[in-house]
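Nothing in this text is a laboratory measurement; each read-out follows from the coordinates by a stated rule. In this text the structure is predicted, and so the values were computed from the model without any measurement. Cβ placement follows ideal geometry from the backbone for every residue including glycine, while neighbour counts extend to all protein chains displayed.
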Amino acid sequence: MLVEQRISHIHEYTIGAPIQAIKSTTSDLRARPRIHERLIKLLLLLCGAISILTTIGLVAILGQESLSFFTRVSWEDSNKQIVVDLSATAVDNILKVSQSGAVIDSEVIRLDDEELRVISIEGDTITVERGYNNTEIAPHRAGIDIYTADTVSLIEFFTGTEWSPQVGKFGVLPLVNATLMTSFIAMLVAIPLGMGAAIYMSEYARPKVRAVIKPVLEILAGIPTVVFGFFALTFMTPLLRSIFGIHNVEIFNTASAGIVVGLLITPLISSMAEDALSAVPQSLREASYGLGATRLETTIKVVLPAATSGIIAAFIVAISRAIGETMIVAIAAGSGPNFTFNPFAAAETMTGHIARISGGDLSYDSIDYNSIFAIGMTLFMMTFALNMFSRRVIARFREQY
């Protein structure tokens, strides 16, 4: 009996007690409500939602105003007149027009406030539909001017080589060409300087030297771009004119603007490329040194290929920054659209044009006003295409260690 009581006591101690302890511990490990964690999670979600909604809003506004630009009807005087009076009846739909003036090739014409849809044209006789677009049918006397409807087509916008909104010329190629020229010159300057600085800081500089050089380079990116613009106009342009001749280099030119934009984005390339190079595992370098490679051979043949995705991403971001730069090109590149491939000639970029005419006296909802948004949408699509290309390149060359 005594032995059975002791066995029962041992059984309770060795089995029952741990079970009770486990039950007690389990109850203590239950998830407790943490209000501050949920608030932080909601705050972070709100930040992401605001970013997405802001982007959607920007695209929606650009798209809406750009659509107004491409669908807006502008009326141009054809220098033709009707030679026979028209009555205020819909059946009186035959126009006799003068021989002088431009050829009428518009689907819609206008006499005073009445719009008329052109059905057929035979010599100096035009058959029309009266009261088009719910306009009021009214009498018109002989000699009244005929106005033709004109809209900006996508083909004209992207293939035209003249941008003069005052005379109805909306070819965006001069602005795009100047933007790409400036960006190309900027990348010719920024890529060698930025990559040289990045390689030096990552592979050659001592930690103390790197800790000094990198912040100094990044300070360069904090200088206001208007200062860079006046630097391009007052220093870089005179320097180019002294080298290539004052008759060959205009005061405003895309070369000086592009060079200074390149100096502006050099810290961006050097910082991002240096981060990509520093992220390459040290074991790859040690393996290369163990095989007898020099530091330069290791950098070129091992480190750079391993950091390709990060370096290309730095280039793409820098190109987007160069394309979107405003103040430097607005001050130093020129203030008139010019379709030219001469880097020493004045030409206006897309951002420079937007900055120039948006500060003028533009009537709201006019075709000149809406053209700003069409240019902005073109600029957005260019940078969006670059970002998409960057993502594909990074996914293609990404190295995971």
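Between Leu284, Leu217, Leu268, find the one with the highest GNM mean-square fluctuation for the chain; connect C-alpha pairs within less than 10 Å.
In this elastic network of the chain, the residue with the biggest mean-square fluctuation among Leu284, Leu217, Leu268 is Leu284.
Given the chain, what count of lysine pairs have C-alpha atoms under 29 Å apart, with each pair 8 or more places apart or on different chains?
4
So if I take the centroid of the Cα atoms in the range 187-251 and the same for the range 338-359, what is the distance between those two points in Å?
Each part reduced to its Cα centre gives a spacing of 22 Å.
Kindly state, to the nearest 0.05, the FRET efficiency for Ala142 paired with Ile119, given R0 = 25 Å and r defined as their beta-carbon distance.
On the way: r = 21 Å, r/R0 = 0.84.
About 0.75, to the nearest 0.05.
Between Ile52, Ala257, Ile312, whose Cα lies farthest towards the positive end of the dipole of the chain when Lys and Arg beta carbons carry +1 and Asp and Glu beta carbons carry -1, centred on the Cα centre?
The Cα lying farthest towards the positive end belongs to Ile312.
What residue among Glu297, Glu274, Glu325 has the largest mean-square fluctuation in a Gaussian network model of the chain, using Cα springs under 10 Å?
Glu297
Explain nothing, just the number: dipole magnitude of the chain about its Cα centre with +1 on each Lys and Arg Cβ and -1 on each Asp and Glu Cβ, in debye rounded to the nearest 20. Mind dumping the intermediate values first?
Values: 29 positive and 36 negative charges, 603 e Å.
I would put it at about 2900 debye.
So which residue, out of Leu43, Leu175, Leu111, gets the largest mean-square fluctuation from a GNM of the chain using Cα contacts under 10 Å as springs?
Maximum among the listed residues: Leu43.
Mind jotting down the distance between the C-alpha centroids of the range 369-393 and the range 108-136, whole Å?
Here the answer is 39 Å between Cα centres.
Can you give the longest stretch of the chain with no exposed loop site, where a site means trypsin sites (Lys or Arg not before Pro) in a DSSP loop (not H, G, I, E or B) with at most 16 other C-beta atoms within 10 Å? Each step should come with its number before you reach the end.
Values: sites that count: Arg30, Arg34, Arg72, Arg141, Arg398.
Free of exposed loop sites, the longest segment is 142-397.
Among (i) 1.61; (ii) 1.21; (iii) 1.03, which one is Cα Rg over 2.2 N^0.38 Å computed from these coordinates?
(i)
If the chain between Asn134 and Ser278 were fully stretched, how many nm would it gain, using 0.36 nm times the residue separation less the Cα-Cα distance? Present the calculation step by step, with values, prior to reporting the outcome.
On the way: separation 144, 0.36 × 144 = 51.84 nm, distance 6.86 nm.
That works out to 45.0 nm of additional length.
Would you mind ranking Ser335, Ser51 so that the residue whose beta carbon has the fewest other beta carbons within 10 Å leads the list?
Numbers: Ser335 15, Ser51 10.
If I rank by nearby Cβ atoms, fewest first, I get Ser51, Ser335.
Taking 0.36 nm per residue of separation and subtracting the Cα-Cα distance, what length does fully extending Ser153 through Val393 add?
On the way: separation 240, 0.36 × 240 = 86.40 nm, distance 3.35 nm.
Value of the extension gain: 83.0 nm.
For the range 75-214, what number results from the quotient of the Cα radius of gyration and 2.2 N^0.38 Å? Can you show the working numbers first?
Working: Rg = 29.3 Å, N = 140, 2.2 N^0.38 = 14.4 Å.
Expressed relative to 2.2 N^0.38 Å, the Cα Rg reads 2.03.
Multiply the residue separation of Asp105 and Leu45 by 0.36 nm, subtract the distance between their alpha-carbon atoms, and state the gained length in nm to one decimal. Provide the component values of the computation, followed by the final result.
Values: separation 60, 0.36 × 60 = 21.60 nm, distance 5.54 nm.
Extra length available between Asp105 and Leu45 comes to 16.1 nm.
Per residue of the chain, what 222 nm ellipticity follows from adding -39500 (n - 2.57) for every DSSP H run with n ≥ 4, rounded to the nearest 500? Before the final figure, lay out the partial values.
On the way: 15 runs with 222 residues, N = 401.
Helix-only estimate at 222 nm: -18000 deg cm²/dmol.
With +1 on each Lys and Arg Cβ and -1 on each Asp and Glu Cβ, how big is the dipole of the range 74-150 about its Cα centre, in debye rounded to the nearest 20? Intermediate results must be reported in sequence, preceding the final value.
Numbers: 6 positive and 16 negative charges, 44 e Å.
Once rounded to the nearest 20, the dipole reads 220 debye.
Note down, for the range 251-401, the three equivalent ellipsoid semi-axes (square root of 5 times each alpha carbon gyration tensor eigenvalue), biggest first, whole angstrom. Walk me through the numbers on the way to the answer.
On the way: eigenvalues 345, 63, 22 Å².
They are 42, 18, 10 Å, listed from largest to smallest.
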